[in-house]
Amino acid sequence: MPLNGPVEMSTPSKPLVIRERLSEVRYEIRGELARRARELEAQGHKLIKLNIGNPGAFGFRAPEHLQRAIADDMGRTDPYTHQQGLPVAREAIAAAYARRGAPDAVADRVFLGNGVSELIDLSLRALLNPGDEVLVPSPDYPLWSAATILNDGRPVYYRCRPENGFLPDPVEMETLVSSRTRAIVLINPNNPAGASYPRELLEKIVAIARKHNLLLLVDEIYDQILYDGAQFQPVAPLAGDHPCLTFSGLSKVHRACGWRVGWMLLSGAGERLGEFRAALDLLSALRLCANVPGQYAIEAAVSGPDTISALCSPGGRLYETRRAVIEACEASEHLSLVVPSGALYAFPAVVGPAAQGFDDHNFALQLMEEEGVLVVPGSSFNVPYRNHFRVTLLPEAGVMREVFGRIDKLLARRAEAVTKVVPLKSRRA
């Protein structure tokens, strides 16, 4: 056919079909509301975005000694590393966990990843067969549910009720164990509620894992972000020779989210870990290696000065913003708060007349469009109720007081509208 001749029209093709299980996955932290926020910003609207625990977006910087460590070694960052990560970085992590009492904390048991998110996915891919179950907290950080689903597993939720300070009931947890259960996920301190788990509770959960031969998957990314004397208890020392994967990284405590540096430590008796450890190694090798420059900051991070405690103490920025949230909720007739003892979030509940017929997603959309504030609906964290929302504690205290003033104003309008709806029977009386 001549080059300048008529072009034949092909038969219209069908749309690409996506994976069916994606319909079960939710991640509203960066989902529909965040997309609407971008549209509003493009139209010139100013928004206060409290949906993501992203320290750098609120003016925080990674500590200088971490920045220097990367700069000093930048000339060595071009090649791939070993699939598990730089030996010097893994040795530093192992030593830090050994100081905490973690058993068998050696470099060969440490895996580095592009953030904890990648390692969560990798570990569940190594563990699950189709139909296997994982006990996941409700509320949870939704990546745990998503990664379970996308690796052909099924999240089974154990309740962490607000009336119990968002702590789980071990007796209730054990009733959820079935012949298909493979693991228990713990998020301590918790995201989104900020609960810090006491040692006695963790010992009971470890006992369940032992009894039913379940892998412990322990997300401890907020381990040093604690308030008002709250104590952190790592799980690996309690688990001893029982298989346990502990996750952490540089993103929160060290305020370096964009560096994408996470790690996990596999602890427990070696004879029980052989095939699983080999699977982790294989999957690590398939993605070649994690981001290399950030790995050079790990030794400085885990061995260097404490830069987070001052932020979490009276007068520190995180502490004072948390105080502003607590005081705002105490002063409001429309809000109730289980005070967070750790992490970077608060998880208030809407109560009273404003809570009648309340839908958290609609509220979040209305709050953004009418008051210029972006929050995350509580149901995004896989809870059955719809009267909570999450905010990050990263803004300045003054900003947070302004935010809760706007929230209270919207809830007051809602409460007034509800109370004006008088039942027909009352009008006839």
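Shown here: P(r) over Cα pairs in 20 Å bins from 0, in percent, derived from the displayed model; of the candidates (1) 24, 53, 19, 4, 0; (2) 26, 57, 17, 0; (3) 29, 57, 14, 1, it corresponds to (1).
When Rg and the Kirkwood Rh are both derived from Cα coordinates, the Rg/Rh ratio for region 94-184 amounts to 1.03. For region 176-290, the alpha carbon positions stretch 41, 38, 23 Å along the principal axes, listed from largest to smallest.
Taking each DSSP H run with n ≥ 4 as -39500 (n - 2.57) and averaging over every residue of the chain yields -11000 deg cm²/dmol at 222 nm.
With all protein chains in place and a 1.4 Å probe, the accessible surface of region 50-139 carries 49 percent carbon and sulfur.
The mean accessible area for residues of the chain, using a 1.4 Å probe and ignoring ligands and nucleic acids, is 46 Å² per residue. Dividing the Cα radius of gyration of region 164-243 by 2.2 N^0.38 Å, with N the residue count, gives 1.08.
For the chain, the antiparallel share of DSSP beta bridges with both residues in that region comes to about 50%. Calculated from the alpha-carbon coordinates, region 19-66 shows an Rg and a Dmax of 15.3, 46 Å respectively.
Note that region 270-389 carries a Kirkwood radius of 18.6 Å, evaluated over its alpha carbons pair by pair. Distant-in-sequence amide contacts of GLU133, defined by a placed amide H-H separation under 5 Å and a gap of 5 or more residues or a different chain, comprise ARG154, THR181, ARG182.
For region 12-147, averaging the sequence separation of C-alpha pairs within contact (under 8 Å, six or more residues apart) and dividing by the residue count gives a relative contact order of 22 percent.
Taking amide H positions as modeled 1.01 Å from N, with prolines and chain starts lacking one, the residues under 5 Å from TRP263 and 5 or more places away or on another chain are GLY113, SER248, GLY249. Scaled against the 2.2 N^0.38 Å expected of a compact globular protein of N residues, the Cα radius of gyration of region 208-255 reads 1.33.
Taking amide hydrogens as placed 1.01 Å from N in the peptide plane, the amide H of VAL376 sits under 5 Å from those of ARG390, each at least 5 positions away in sequence or on another chain. Between the listed residues LEU283, ALA147, PRO237, the Cα displaced farthest toward the positive end of the dipole of the chain, a dipole computed from Cβ unit charges relative to the Cα centre, is found at ALA147. Segment ASP241..THR419, full-extension length gain: 58.2 nm, with 0.36 nm per residue of separation and the alpha-carbon distance subtracted. Each pair of Cα atoms in region 78-117 enters the Kirkwood radius, and Stokes-Einstein at 4 °C and 1.567 mPa s then converts it into a translational diffusion coefficient of 121 µm²/s. Within region 288-337, the percentage of alpha carbon pairs spaced more than 18 angstrom apart rounds to 59%.
Which of the lysines could a cross-linker bridge to LYS409, judged by Cα under 16 Å and excluding same-chain residues fewer than eight apart? Partners found: none. Work through the residues other than ARG386 whose Cβ is under 10 Å from its Cβ and net out their charges, Lys, Arg +1 and Asp, Glu -1. Overall, the nearby charge balance is -2.
Positive contributions from Lys and Arg (+1) and negative ones from Asp and Glu (-1), summed over other residues with Cβ under 11 Å from the Cβ of ASP241, come out at 0.
Which residue fluctuates the most in the chain, going by a Gaussian network model with Cα springs under 10 Å, if the choices are SER138, SER248, SER13? In this elastic network of the chain, the residue with the biggest mean-square fluctuation among SER138, SER248, SER13 is SER13. For region 303-365, the fraction of C-alpha pairs more than 21 angstrom apart is 38%.
The values are calculated or read from the model by the stated rules, or taken from the named source; none is laboratory data. What you are looking at is a predicted structure, and each value in this text was computed from that prediction instead of being measured. Backbone-built Cβ (ideal geometry, glycine too); neighbour counts: all protein chains shown. Ligands, DNA and RNA are stripped out before the accessible areas are found, and what is left, the full protein with its side chains, is counted by its heavy atoms. Shrake-Rupley method; radii C 1.70, N 1.55, O 1.52, S 1.80 Å.
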